[in-house]
Amino acid sequence: QVQLVESGGGLVQFGGSLRLSCAASGSIFSMYVMGWYRQAPGKQRELVATITSGGSTIYADSVKGRFTISRDNAKNTVYLQMNSLKPEDTAVYFCNADIIIIATMRRADYWGQGTQVTVSS
C-alpha cells in the first residue's frame, strides 16, 4: 500500500558529493518523521538524519556539517545532500518514514529497499 523508492546512490571519490532522494507513494493520509539510516558491511544500521513534517532535524554526529536532510511535503519526498564524503560513509542508505495510510488510519513505519553509496579513497 505504501512504497518508498530511493535513488541517487553511486560511486564517488573522497571529498565528493551525492544527493539521495526518497519518494513515498500509495494511499498516504499523512507523513510524520522521515529519515535516512545507513548500514555498512558487518555493522548495525545507524541513524544518519531525520526531519519532522515541520522541518526540525536531527543528525548523527559523524555527518553534522557535511550532510543536509530536507523534504518536500507536497511530493512526499525526502532528500539527503551529502558533501565532503569520506570512505567511512560507504554503506547502504535506507529511507524511513512514519506514515498513516488511508486504509487503516494507523501510524506505521516504512522502509525503502536501500541504495548503495560507495566512497573511494
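Details
- Expressed as a whole percent, the proportion of Cα-Cα pairs in the chain lying more than 23 Å apart is 26%.
- With every protein chain in place and a 1.4 angstrom probe, the accessible-area ranking of 47, 18, 11, 80, largest first, reads 11, 47, 18, 80.
- Accessible area of residue 86 in the full protein assembly, 1.4 Å probe (Å², nearest 10): 70 Å²
- The chain - percent relative contact order, Cα under 8 Å, separation 6 or more: 36 percent
- Per-residue HN-Hα couplings for region 49-63 [Karplus 6.51, -1.76, 1.60; θ = phi - 60°; Hz; x = Gly/Pro]: 6, 9, 9, 7, 5, x, x, 6, 10, 9, 10, 5, 4, 5, 10
- Computed from backbone phi, the HN-Hα couplings of region 101-117 come to 9, 4, 4, 10, 6, 10, 7, 8, 9, 10, 10, x, 7, x, 9, 7, 10 Hz, rounded to whole numbers (Karplus: 6.51 cos²θ - 1.76 cosθ + 1.60, θ = phi - 60°; Gly and Pro given as x).
The values are calculated or read from the model by the stated rules, or taken from the named source; none is laboratory data. Keep in mind the model is a prediction, meaning the values are calculated, not measured. These area figures cover heavy atoms from the full protein model, side chains too; ligands, DNA and RNA do not enter into them. Shrake-Rupley method; radii C 1.70, N 1.55, O 1.52, S 1.80 Å.
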